[in-house]
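Engineer: For reference, the structure I am asking about is given below.
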Amino acid sequence: MRPRDIRRREVSDLSQELVRLREEMFHQRFRGQSEEKVDRGLVRKHRRDIARIHTVLRERSLGINKDLEAEAGRGK
């Protein structure tokens with residue numbers, strides 16, 4: 001998931017995505033402990049997506065929005 005795509009989504013959508021990613025990561029780890037074949041790259045990808053979402057949510061709470069300001073500048 002790209003940061004630009006994350007920034008375009010609503011806060012409620014992002015919080016639902018966080019819950020979905022955490023649940024999926026939990027299930028992947030659980031499958032790994034039960035000796036099923038698990039794609040470890042998927043866990044890493046989810047962990048990074050969660051960090052990106054947290055970063056965007058924090059930017060919004062502080063009033064920082066770099067990408068959208070840059071895009072607005074390009075359109076002029």
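The values are calculated or read from the model by the stated rules, or taken from the named source; none is laboratory data. Keep in mind it's a predicted model, so treat the numbers as computed, not measured. Reconstructed Cβ throughout: ideal geometry from the backbone, glycine too, with neighbour counts over all protein chains shown.
Engineer: Kindly list, by first and then second residue, each pair from a residue in region 37-57 that is touching a residue at least 12 places away in the same chain (Cβ under 8 Å) and basic (Lys, Arg) to a residue that is surrounded by 16 or more Cβ atoms within 10 Å (Cβ to Cβ) and outside any loop (DSSP other than H, G, I, E, B), limited to pairs with Cβ atoms under 8 Å and residues at least 6 apart or on different chains.
Structural biologist: 47/25; 52/6
Engineer: Still on this structure, please answer the following. If I filter region 11-53 down to residues being loosely packed, with under 14 Cβ neighbours inside 10 Å and among the small types (Gly, Ala, Ser), which single residue comes out as nearest to the chain's Cα centre (by Cα)?
Structural biologist: Restricting to residues being loosely packed, with under 14 Cβ neighbours inside 10 Å and among the small types (Gly, Ala, Ser), the top hit is 51.
Engineer: Report those helices (runs of 4 or more DSSP H) wholly inside the chain carrying at least 1 residues which are modelled with pLDDT of 85 or more and touching a helix residue (DSSP H, G or I) at 6+ places or on another chain (Cβ under 6 Å). Steps first, answer last, please.
Structural biologist: Working: elements: 3-7, 11-33, 40-62, 66-75.
In the chain, the matching helices (runs of 4 or more DSSP H) lie at 3-7, 11-33, 40-62.
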